[in-house]
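Undergrad: The structure that follows is given in the form of structure tokens.
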Amino acid sequence: MVEADGRATALRDGTFDLATARLVLTNVPRPEEILAEMVRLVRPGGIVALHEPDATAQRTEPPLVEQRDLLGLLNEHAAMSGIDRSIGLRTPRMLREQGLTDVHVHPLVHAYPPGHSRRMLLPEFVENARERILADGLIPAADLDALVASLRRQLEKPTTLVVSSLFIQAWARKASS
Ligand SMILES: C[S@@+](CC[C@H](N)C(=O)[O-])C[C@H]1O[C@@H](n2cnc3c(N)ncnc32)[C@H](O)[C@@H]1O
């Protein structure tokens, strides 16, 4: 096993039949650099495959203002660090821009029923990023905490439908030389 920065692995060109990443590009600034490294690592004719979200597409029914506001805060906070929470939508184009061909796209969404481990993902993400969001000056602490508590109460109701991010699986082939 090799542990390295995905932007610069120091592995040889064309080493692999497949390079794949899941939920990585949405967490880093300059994601094109990781993708370029993945392309470099696959052999001609090899495949690069990505699984990334459009996390801005999360929904509930009934619609919740707390969900809308907290998603907006997370998106704004991420953008301030150069992170694109909707990058999944861009991945087919990013693959083409790397010169790959034969691009395939498979969209996925999930419902998170009561008791599902991902049902509370949004308040958990906000709580993890709480100090950084507050440091951005985007919202007072008391308002943020009240929004999170209120969202948790709404998501605890079994009648609230919680729908995931839109996930885009996109894969493409490196031209044979
Ligand atoms: C949300 S986790 C996804 C983990 C796993 N791929 C999955 O789908 O469950 C994001 C992952 O990106 C990795 N990561 C972030 N920046 C990276 C970089 N520059 N090079 C390599 N990995 C990186 C982190 O180590 C972390 O494991």
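No lab work stands behind these numbers, since they all come straight from the coordinates. Remember, predicted model here, so these are calculated numbers, not experimental data. So basically every Cβ, Gly included, is an ideal-geometry build from the backbone, and we count neighbours across all protein chains shown.
Undergrad: Filter the stretch 17-35 for residues that are farther than 18 Å from Gly46 by Cα, in contact (Cβ under 8 Å) with a residue 60 or more places away in the chain and among the hydrophobic types (A, V, I, L, M, F, W, C) and give the result.
TA: Leu25
Undergrad: With the requirement that a residue be surrounded by fewer than 21 Cβ atoms within 10 Å (Cβ to Cβ) and either of a type in the set (D, E, K, R) or in contact with a Phe, Trp or Tyr (Cβ under 8 Å, 6 or more places away or on another chain) (or both), what does the stretch 93-104 give you?
TA: The answer is Arg93, Arg96, Glu97, Asp102, Val103, His104.
Undergrad: A further question follows. Mind counting the residues in the stretch 1-56 that are part of a helix (DSSP H, G or I) and under 21 Å from the mean Cα position of the chain (by Cα)?
TA: Just the residues of the stretch 1-56 that are part of a helix (DSSP H, G or I), to begin with: 25-27, 31-41, 55-56.
Filter once more, so that each one left must be under 21 Å from the mean Cα position of the chain (by Cα): 25-27, 31-39, 55-56.
Of the residues in the stretch 1-56, 14 are part of a helix (DSSP H, G or I) and under 21 Å from the mean Cα position of the chain (by Cα).
Undergrad: Would you mind telling me which numbered condition in (1) within 11 Å of the ligand (Cβ to nearest atom); (2) over 30 Å from Ala146 (Cα atoms) Leu35 fails?
TA: Only one criterion is unmet by Leu35, namely (1).
Undergrad: Follow-up question, since we're still on this one. Only one of these is charged (D, E, K, R), part of a helix (DSSP H, G or I), surrounded by 14 or more Cβ atoms within 10 Å (Cβ to Cβ) and under 15 Å from the mean Cα position of the chain (by Cα): Arg90, Arg85. Name it.
TA: Arg90
Undergrad: Between a residue in the stretch 1-16 that is more than 13 Å from the ligand (Cβ to nearest atom) and any residue that is among the charged types (D, E, K, R), which pairs come within a Cβ distance under 6 Å, given they are 6 or more apart or on different chains?
TA: The qualifying pairs are Asp13/Arg40; Gly14/Arg43.
Undergrad: While we're here: Does any residue of the stretch 57-64 turn out to be outside any helix (DSSP H, G or I), surrounded by fewer than 14 Cβ atoms within 10 Å (Cβ to Cβ) and near the ligand (Cβ under 9 Å from one of its atoms)?
TA: For the stretch 57-64, residues outside any helix (DSSP H, G or I), surrounded by fewer than 14 Cβ atoms within 10 Å (Cβ to Cβ) and near the ligand (Cβ under 9 Å from one of its atoms): absent.
Undergrad: Which condition number does Pro140 fail, the rest of (1) without any contact (Cβ under 8 Å) to a residue 24 or more places away in the chain; (2) more than 19 Å from Asn75 (Cα to Cα) being met?
TA: Just one mismatch for Pro140, condition (2).
Undergrad: Here's something else I'd like to know. Based on this model, can you work out whether Ile87 counts as within 15 Å of the ligand (Cβ to nearest atom) and either over 30 Å from Leu11 (Cβ atoms) or not charged (D, E, K, R) (or both)?
TA: So Ile87 fits the description; yes.
Undergrad: Next up: Just one of Glu124, Glu52 is within 16 Å of the ligand (Cβ to nearest atom), without any contact (Cβ under 8 Å) to a residue 12 or more places away in the chain and under 27 Å from Leu151 (Cβ atoms); which is it? Let's see the steps before the verdict.
TA: Values: Glu52 fails: without any contact (Cβ under 8 Å) to a residue 12 or more places away in the chain.
Being within 16 Å of the ligand (Cβ to nearest atom), without any contact (Cβ under 8 Å) to a residue 12 or more places away in the chain and under 27 Å from Leu151 (Cβ atoms) holds for just one of Glu124, Glu52, which is Glu124.
Undergrad: Follow-up question, since we're still on this one. Of the conditions (1) part of a helix (DSSP H, G or I); (2) within 11 Å of the ligand (Cβ to nearest atom), Ala78 fails just one. Which one is it?
TA: (2)
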